[in-house]
1. Just check the range 99-234 against the gyration tensor rule for me: Cα atoms, a ≥ b ≥ c as the square roots of the eigenvalues, rounded for a/c under 1.5, and otherwise prolate or oblate depending on whether a/b exceeds b/c.
2. Just from its helices, what would the mean residue ellipticity at 222 nm be for the chain, if runs of 4 or more DSSP H residues each count -39500 (n - 2.57) and the sum is divided by every residue, rounded to the nearest 500 deg cm²/dmol?
3. Where a ≥ b ≥ c are the square roots of the eigenvalues of the C-alpha gyration tensor, would you call the range 271-366 rounded, which needs a/c under 1.5, or, failing that, prolate if a/b is larger than b/c, or oblate?
4. Given R₀ = 25 Å, what would the calculated FRET efficiency be for Arg60 paired with Val35, taking r from the Cβ atoms and rounding to 0.05?
5. Taking every pair of alpha-carbon atoms in the range 2-129, give the share separated by more than 16 Å as a whole percent.
6. Determine the shape class of the chain: with a ≥ b ≥ c the square roots of the Cα gyration tensor eigenvalues, call it rounded for a/c under 1.5, and otherwise prolate if a/b is greater than b/c, oblate otherwise.
7. About the Cα centre of the range 2-129, how large is the charge dipole given +1 on each Lys and Arg Cβ and -1 on each Asp and Glu Cβ? Please answer in debye to the nearest 20.
8. Place a +1 charge on the Cβ of each Lys and Arg in the range 137-268 and a -1 charge on the Cβ of each Asp and Glu, then give the dipole magnitude about the Cα centre in debye, rounded to the nearest 20.
Amino acid sequence: MKLVRKDLEKDNAGQVTLIPEEPEDMWHTYNLLQVGDSLRASTIRKVQTESSTGSVGSNRIRTTLTLCVETIDFDSQACQLRVKGTNIQENEYVKMGAYHTIELEPNRQFTLAKKQWDSVVLERIEQACDPAWSADVAAVVMQEGLAHVCLVTPSMTLTRAKVEVNIPRKRKGNCSQHDRALERFYEQVVQAIQRHINFEVVKCVLVASPGFVREQFCDYMFQQAVKTDNKLLLENRSKFLQVHASSGHKYALKEALCDPAVTSRLSDTKAAGEVKALDDFYKMLQHEPDRAFYGLKHVEKANEAMAIDTLLISDELFRHQDVATRARYVKLVDSVRENMGTVRIFSSLHVSGEQLGQLTGVAAILRFPVAELSDQEDDSSSEED
């Protein structure tokens, strides 16, 4: 993401002009937009024209519109963003108050104005404009007959290809059908890797599976690479890292990212940091439950006691339509930081973010036990009984 201009007043009202440069930036833009914001961007509008002879035709004309945002639609697989709203600035082709949909896309500038830019949104702009925050991990999660080729970017896990091949069972004295199908499956996975993984950007490719599937697949892939003199795969052989996963489904990627060998290899990536923080939370919940809270009310109480060491919060909560609710989450983040706590904002498009969403989207690891809150909860629940 490229920051072109930033004009903010003392009360944090103002506007920011940005150019999204990669598909990843469309996800950041989606998280910056809120209903009621003002969005200015170039768009194509179908306009009816009447010639001197009276015949009516229609032309597609590029014009710049300023909309008051009403609905925001994000397609995570195509990384496309559609914003619908009413025109709020004079335009020769579009009446004031008329509805229009702007499709935001990479390499097209837009200006976003807000009545108030909060700390979470401003931090996202900083991260989005920092070139170090780029996609650097790929993963192939597989089992016999099923594989998912994924890109793990700082903000989301994107499934780039799903390979499914029916593998017949081995039969006594005849394994040829099984072996042929397995070879066909491996070949399709290799093709998907070459098509969807950019080795210039990716630092590491995780190959995760149950049993020996990953070893057999990697042996096949590099034997074929030697036979066909596939320089792309041979030159990047050191980037492939084999790890265990319980299945070939996308959710098994979290296990692969938790592997200590992977964590050390990916220590500088945001995805690994999120996975570790969530893992630490679950361990704390198991061994010292008085130091692991989740749910907004509980976490807020822990924050009042200045007990939060690490706050885990989903970016989905900052997209809440209710301004007061959204402000409550922003206040919590600011307060934890003021109290020298660490804040980790999880992407709801990451596997770890999906898991955090199942825990209400907000959780905290505490510096010290806050037993009174648990006791109060127990007392209130027993009174209800």
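1. On the way: a/c = 3.00, a/b = 2.49, b/c = 1.21.
Prolate.
2. Working: 12 runs with 138 residues, N = 385.
Counting only the DSSP helices, I get -11000 deg cm²/dmol.
3. Values: a/c = 1.64, a/b = 1.09, b/c = 1.50.
Cα axes put the range 271-366 in the oblate bin.
4. About 0.35, to the nearest 0.05.
5. Details: 5202 of 8128 pairs.
Of the Cα pairs, 64 percent sit more than 16 Å apart.
6. On the way: a/c = 2.24, a/b = 1.15, b/c = 1.95.
Cα axes put the chain in the oblate bin.
7. Numbers: 16 positive and 19 negative charges, 87 e Å.
Value, rounded to 20: 420 debye.
8. On the way: 18 positive and 13 negative charges, 67 e Å.
Here the size comes out at about 320 debye.
Values in this text are rule-based calculations from the coordinates and carry no lab data. Here the structure is a predicted model, which is why all the values come from computation and not from measurement. As a convention, Cβ positions derive from the backbone with ideal geometry for all residues, glycine included, and neighbour counts pool all protein chains shown.
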